[in-house]
Number of protein chains: 2
Amino acid sequence: MFEIRFEPDGNKIHISEPMTLLEAAERAGIIINAVCGGAGTCNKCMVEVEGRLVRACQTRADRDMIVTIPDTSRFFEQKILQEGIDNLDRIDPLVCKHYVNITEPTLDNLRSDADRLIDAVNDNSQAQHHTCHNHAGTSSGTTTITWQLLKKLPSIYRNHSYALTTVCHDGSVFALEPGDTTQNLHGVAVDVGTTTVVASLINLQTGKTIAIASQTNPQVTFGDDVISRIDYSAQNPDGLEQLQRRIINGLNQLIANLCEKSVIKPWQIYELTAAGNATMQHILLGLPVEQIAQAPYVSAVSSAVNVPAASLGLDIHPEANVYVMPSVAAHVGGDTVAVGLATAMRHSSQINLALDIGTNGELILGNSQRLLTCSTAAGPAFEGARIAQGIRGAAGAIERVHIEDGQVHITVIGGVPPTGICGSGLIDALAELLNVGIIADTGRMLDLDELPANIPQSLKERLIKHDDKPAFVLATAEQSKHNQEVLLTQRDVREAQLAKAAIAAGITTLMNEFGITLNQVDNLYLAGAFGNYIRPESARRIGLIPNLPLEKIQFVGNAASTGAKQALLSRQARKHAEELGKFLEYIELAGRTDFQNIFSEQMMF
Amino acid sequence: MFEIRFEPDGNKIHISEPMTLLEAAERAGIIINAVCGGAGTCNKCMVEVEGRLVRACQTRADRDMIVTIPDTSRFFEQKILQEGIDNLDRIDPLVCKHYVNITEPTLDNLRSDADRLIDAVNDNSQAQHHTCHNHAGTSSGTTTITWQLLKKLPSIYRNHSYALTTVCHDGSVFALEPGDTTQNLHGVAVDVGTTTVVASLINLQTGKTIAIASQTNPQVTFGDDVISRIDYSAQNPDGLEQLQRRIINGLNQLIANLCEKSVIKPWQIYELTAAGNATMQHILLGLPVEQIAQAPYVSAVSSAVNVPAASLGLDIHPEANVYVMPSVAAHVGGDTVAVGLATAMRHSSQINLALDIGTNGELILGNSQRLLTCSTAAGPAFEGARIAQGIRGAAGAIERVHIEDGQVHITVIGGVPPTGICGSGLIDALAELLNVGIIADTGRMLDLDELPANIPQSLKERLIKHDDKPAFVLATAEQSKHNQEVLLTQRDVREAQLAKAAIAAGITTLMNEFGITLNQVDNLYLAGAFGNYIRPESARRIGLIPNLPLEKIQFVGNAASTGAKQALLSRQARKHAEELGKFLEYIELAGRTDFQNIFSEQMMF
């Protein structure tokens, strides 16, 4: 049994049989950058052992070791678009501060410590230019004090002073800070993706984003997609707890990171809002997920959930509220509601279509009269998974492919030699190979003897056999960093084809249900990090997005994150989100007889 | 270091120096009956050690021992009146149950587990003869589900069945029980006295009291009165925690006792309401108490406080609500508000005076227009404390004294030989000795040579010297159990005189403030266990209660307990209590220049 300690984290694990430091770190909950997948070629996983820099993937943990992991070697520095569109009417957070002078008790004023605090808050709230909504307009209509704060009230008064700043949530005072700290009012909005987690530190007075931090969802070691994580939870007695601990630890790392960047203390974060798919939200809250994966597939809860930070183990103010977005169904979660919120589709007379392609694909179609939504099991192909040389959008990924005059032009993230292909590169490659005729509309990669006559020799040379099936060389061995070709295989084409067919069939089903045809769609909103990097022409060519004029297509960025931010900043937005969760009509594709036919039709490129 | 284990409790303590088993038991949190105060004379403290029955007060814990304490030797079997008057408009508890058939999810109904539960509760609530107020009329207006229950929802459905009984508090579902358990709906109302704690198990559907249990407040080992307990809290770093643990353990014993008597499980108790003076309520909630004893004497909180049972460590349903009554000031607590609630003084056009004599004396005077309240530091003289041979109202206590034709007639609780004197006996003795002229109106016990001529020789013989001061023999050595006289000493008279003067001065001050004289008082309500046992004639004679005709005097029993019970049974009563807490005008006697004069005047009998 060896003990491996990771610094500066201080995480320790005990292992009984040797493994690589990369694997050991993963077991300790630390995800090390390994663009090459542990092949020993990318040198992204450098760690320090006994005073020497070594590659974690090539170094065996076979004795007691202390391993120091520099920041630069931690997780994929993914090219995530971290900002979305903004649609806020006005800033009206549920958290507020009041600087108050509490009267000292005298024989003429023997009101309790709590009553004198409430008096001061109410006076101050009314004295502001506009009456503070958190005291005038709370659900209960009155100002209260939490029990945890009541315990501290007498000593705070008597040890500090009676000049204090109150921190309230929805009319409930939960913290008291000595002096005037009203200028410091922050919250965090989190987009908990299956693959990537993005946290934004927000100034609740200005609405401005102070800092952003992101990382791979630490649950990825339990599986790429939600189904494998649900399986893990179902098959291990403490599986749910483990998954929850992973995401909480991950969020705490992001929060620490945000605090470091902004010189704010964790206890100065007074609320956190989170949007994710239903499974991610359930796990975050420690709610069972098995029923999400069992027919007929339902959530434990779809309303918004509020819990105190301390009960989840989140390192912000222990009494801070954690607001988890309302969702629609087991496979249409709070992230989709957040997209709907951010794009304000509920308030539009135009017919809009929102498309959020992440690990799955979620759709919303409609207008203020009716909004339909569905989820398609698109799978993570466009995030690089299940593609032979698929990698995430990190340095070394081919992100763009253009074929002209028999030449294959590639663009690689970071301008380095290519090591794999990411989603946008995959879509480009498919579109270009369809255009030149190397891939047929059926998705079949043609044999050399089937190729159209006009194909230049330079392209023919790239058409090779890989495991007895056709494959196309996107980057030659000479071009690539590790002297290894980057290929697009027949199987890759089939994976992408299934994914695009699922999304396209979802769109068609929703349009049929709504009773419109494509030309009636006024706007297509492409949400998600992914949306921002694809070339719409290519996506349109392969049928991933519908054949709409480019001027109707709008990139809305990380709209899920934007929605979470809006919920953080506005009581009104939160109300809209709750209403939206109920207003959205869920269309279960599995329950429709027409879906299989439509899906088959959409398989063609 | 010896280990002493107490059975059947299973409590263990480790002691380093020998002490009596009586003291050791107290350290282990078990209060053993010891009417004689550990003198070895009452034989109430019998315990079993190594197969033999021994007196706990006379047996040394000087080695490892296992001590079995029979129920009959546990705490004073006080003669506590455990029922009060009842003033409930209608039963309308905040807790309710609904037997529901939750729809199973299908492809046509993919609503979440939570939503389908809420649908079922709302349907059931409306289908009842009268709409259930806990769902139609909650503060939020909607039915919600607690986070803790959400975690269990999917497995309860799928492991049991969809036929379940919901348990809700104020519209929030916090428990689900398989099958139909709607007939089982209980709560507990507690009167947390400084000296005695009374717990009542209530059927929340019928309003009936199912079982009552009482015991000495286990905090008494930290001092008789609130001030000594506040001192203990101030002087020990974990003093407050210790005090809180004591009362929580005590309540848990009472709850166990109630459950045993009624064959109900602790988790079937769905709410607990508590009334006590401000200090007792603060300690129960773990709130600081030092500021209650420091000028100008204020509470941390005077509104009602709601906390989950689990956070206090109370052994009822962990998510059950604990409601602690609103109070008025540092020395006018939730018990006084409960008395005001039970006597419905707020709704009376008559002028009423309520008098609750416990360890202190609290008063309310007024009508629906104005209600004044104050607290007098009467001290626990009438509960037997600070009286030479004072004991509580238990077996062996002289509870009644009557002097006629030179003969002293005494009545002893339990009909046994007397061992001491309790409150009602003390008041009788004072009144009778004033009547015959042995005690002067100044409170001085006359010397033999000062006595009026008509005093019979049989009484003169009872006037002896004790510690060089006069004392009167209430029971002779021959009469008494232990061949020891029961005396009323000069010092006892002074103690009683101070206490009665404090109460009388309080009453006079309130009447002055209200602008009335005694003949304008329509009703005098005597509350508290004590009130029920005194002879009003005697209490009037010594000036403890005002000189009102007997028909205006009404015993209202343990009105604090009644008020707690009303709050448990009725949302409306709880609303009245909150309003009453704000409506009651607190008169701080220490702040009044007239009080000292009035107090001096009232010293005369």
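For a quick check of your reading: which strands (runs of 3 or more DSSP E) sit entirely within region A:129-213 and have at least 3 residues that are within 14 Å of chain B (Cβ to nearest Cβ) and at pLDDT 90 or above?
Values: elements: A:163-169, A:172-178, A:186-192, A:196-203.
Per the criteria, A:172-178.
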Legend entry - All positions within region A:287-302 that are surrounded by fewer than 19 Cβ atoms within 10 Å (Cβ to Cβ) and either modelled with pLDDT of 95 or more or among the acidic types (Asp, Glu) (or both): A:290
Legend entry - Pair list, Cβ under 6 Å, 6 or more apart: region B:293-304 residue farther than 20 Å from residue B:235 by Cβ and more than 8 Å from chain A (Cβ to nearest Cβ), other residue at pLDDT below 95 and part of a loop (DSSP other than H, G, I, E, B): none
Legend entry - Members of region A:582-605 found to be more than 11 Å from chain B (Cβ to nearest Cβ), over 16 Å from residue A:362 (Cβ atoms) and out of contact with any helix residue (DSSP H, G or I) (no Cβ under 6 Å at 6 or more places or on another chain), listed by number: A:593, A:594, A:596, A:597, A:600, A:601, A:604
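What about residue A:56, is it surrounded by 15 or more Cβ atoms within 10 Å (Cβ to Cβ) and at pLDDT 70 or above?
Considered against the rule, which asks whether it is surrounded by 15 or more Cβ atoms within 10 Å (Cβ to Cβ) and at pLDDT 70 or above, residue A:56 comes out as yes.
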Inset, instruction - Can you run down the residue pairs with Cβ atoms below 9 Å, 6 or more apart or on separate chains, where the first is in region B:473-498 and in a loop (DSSP other than H, G, I, E, B) and the partner is of a type in the set (Lys, Arg)? - result: B:476/B:462
Inset, instruction - Say whether the condition of being of a type in the set (Val, Ile, Thr), at negative phi and not in a helix (DSSP H, G or I) is met by at least one residue in region B:239-247. - result: no
Inset, instruction - Specify the residue that is nearest to the other protein chains (Cβ to nearest Cβ); the eligible residues are those in region B:94-111 that are assigned to a loop (DSSP other than H, G, I, E, B) and touching a strand residue (DSSP E or B) at 6+ places or on another chain (Cβ under 8 Å). - result: B:110
Inset, instruction - Evaluate the following for residue B:441: is it more than 21 Å from residue B:278 (Cβ to Cβ), part of a loop (DSSP other than H, G, I, E, B) and in contact (Cβ under 8 Å) with a residue 60 or more places away in the chain? - result: yes
Inset, instruction - Could you list, in sequence order, all residues of region A:358-384 that are closer than 17 Å to residue A:278 by Cβ and either of a type in the set (A, V, I, L, M) or part of a strand (DSSP E or B) (or both)? - result: A:361, A:362, A:363, A:364, A:373, A:374, A:375, A:376, A:377, A:378
Legend entry - Looking only at region A:305-321, and only at residues there that are more than 10 Å from every other protein chain (Cβ to nearest Cβ) and within 15 Å of residue A:189 (Cα to Cα), the one that is nearest to the chain's Cα centre (by Cα): A:314
Inset, instruction - Could you please let me know if residue A:251 is buried (at least 20 other Cβ atoms within 10 Å of the Cβ) and either at positive phi or in a helix (DSSP H, G or I) (or both)? - result: yes
Legend entry - Top-ranked residue of region B:275-292 - restricted to ones that are hydrophobic (A, V, I, L, M, F, W, C) and facing another protein chain (nearest Cβ under 10 Å), ranked as nearest to residue B:338 (Cα to Cα): B:278
Legend entry - Residue check, residue A:270 of a type in the set (Phe, Trp, Tyr), over 24 Å from residue A:374 (Cα atoms), more than 10 Å from chain B (Cβ to nearest Cβ) and crowded, with 23+ Cβ neighbours inside 10 Å: yes
Inset, instruction - Among what's in region B:512-530 and is under 27 Å from the mean Cα position of the chain (by Cα) and assigned to a helix (DSSP H, G or I), pick the residue that is nearest to residue B:370 (Cα to Cα). - result: B:528
Inset, instruction - Using the structure shown, decide if residue A:77 is under 30 Å from residue A:182 (Cα atoms), modelled with pLDDT under 70 and among the acidic types (Asp, Glu). - result: no
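Quick check: anything in region B:393-407 under 30 Å from residue B:589 (Cβ atoms), in contact with an Asp or Glu (Cβ under 9 Å, 6 or more places away or on another chain) and basic (Lys, Arg)? Show your work before the answer.
Step one: filter region B:393-407 for residues under 30 Å from residue B:589 (Cβ atoms), giving B:393.
Checking which are in contact with an Asp or Glu (Cβ under 9 Å, 6 or more places away or on another chain) leaves us with B:393.
Add one more test, that the residue is basic (Lys, Arg), and what stays is none.
Within region B:393-407, not a single residue is under 30 Å from residue B:589 (Cβ atoms), in contact with an Asp or Glu (Cβ under 9 Å, 6 or more places away or on another chain) and basic (Lys, Arg).
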Inset, instruction - Give me the pairs, please: first residue somewhere in region B:587-599 and assigned to a helix (DSSP H, G or I), second residue anywhere and modelled with pLDDT under 90 and surrounded by fewer than 18 Cβ atoms within 10 Å (Cβ to Cβ), beta-carbon distance under 7 Å, and either six or more positions apart or on two chains. - result: B:591/A:107
Legend entry - Only one of B:537, B:513, B:579 that is within 14 Å of chain A (Cβ to nearest Cβ) and touching a residue at least 40 places away in the same chain (Cβ under 8 Å): B:579
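The values are calculated or read from the model by the stated rules, or taken from the named source; none is laboratory data. The model shown is predicted, which means the values in this text are computed figures rather than measured ones. So basically every Cβ, Gly included, is an ideal-geometry build from the backbone, and we count neighbours across all protein chains shown.
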